[in-house]
Amino acid sequence: QLQLAESGGGSVQPGGSLRLSCEASGFTLSYHAVGWFRQAPGKEREGVSCINAEGRSTSYADSVKGRFTISRTSAPDRVYLEMNNLKPEDTATYYCSVSDFFSNGYCRPDGSWGQGTQVTVSS
């Protein structure tokens, strides 16, 4: 049984912060590159950030660069997304996925998603 689970979402005011977590069941997440993706109502799912298996290389969408930070630990075996200075346009359901990490920073998810965690930014 291979499964991912996202957590840490919530409702915050503009300028607030949240820390999302991604963990795996049935396999070792630290062996893989992992990406964070989000989908807002009526919009396509988009890449937000990605980190390679070693945790030494990261990439970010232009819309979040300077505000979000992706990181990971091996014990516990998790990937995190620290989100600061949140904006209303960050409102979406956030998902993590095992991904291929390319040298140019592009990440291709394998298409296996968890339930996602909802982030709502409003005044």
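The values are calculated or read from the model by the stated rules, or taken from the named source; none is laboratory data. This is a predicted model, so every value here is computed, not measured. Glycine also receives a Cβ, built like all others from the backbone with ideal geometry; neighbour counts cover every protein chain displayed. Heads up: the accessible areas ignore ligands, DNA and RNA and are worked out on the full protein's heavy atoms, side chains in. Shrake-Rupley method; radii C 1.70, N 1.55, O 1.52, S 1.80 Å.
Only one of the numbered conditions (1) over 27 Å from Gly15 (Cβ atoms); (2) more than 14 Å from the chain's Cα centre (by Cα) is violated by Leu86, and that is (1). Applying the condition of being assigned to a loop (DSSP other than H, G, I, E, B) and open to solvent by 50 Å² or more (accessible area, probe 1.4 Å) to segment 1-11 and asking which residue is farthest from Val119 (Cα to Cα) yields Gln1. Report whether or not Ser63 is more than 13 Å from the chain's Cα centre (by Cα), modelled with pLDDT of 95 or more, of a type in the set (Ser, Thr, Tyr) and closer than 21 Å to Phe101 by Cβ. The answer is yes for Ser63. Gly66 passes every criterion in (1) on the phi > 0 side of the Ramachandran plot; (2) in contact (Cβ under 8 Å) with a residue 12 or more places away in the chain apart from (2). If the condition is being closer than 17 Å to Asn52 by Cβ and among the small types (Gly, Ala, Ser), then segment 12-37 contributes Ala24, Ser30, Ala33, Gly35. Just to be sure, is Asp100 touching a residue at least 24 places away in the same chain (Cβ under 8 Å) and either touching a Gly at 6+ places or on another chain (Cβ under 7 Å) or over 17 Å from Gly10 (Cβ atoms) (or both)? Against the criterion (touching a residue at least 24 places away in the same chain (Cβ under 8 Å) and either touching a Gly at 6+ places or on another chain (Cβ under 7 Å) or over 17 Å from Gly10 (Cβ atoms) (or both)), Asp100 qualifies.
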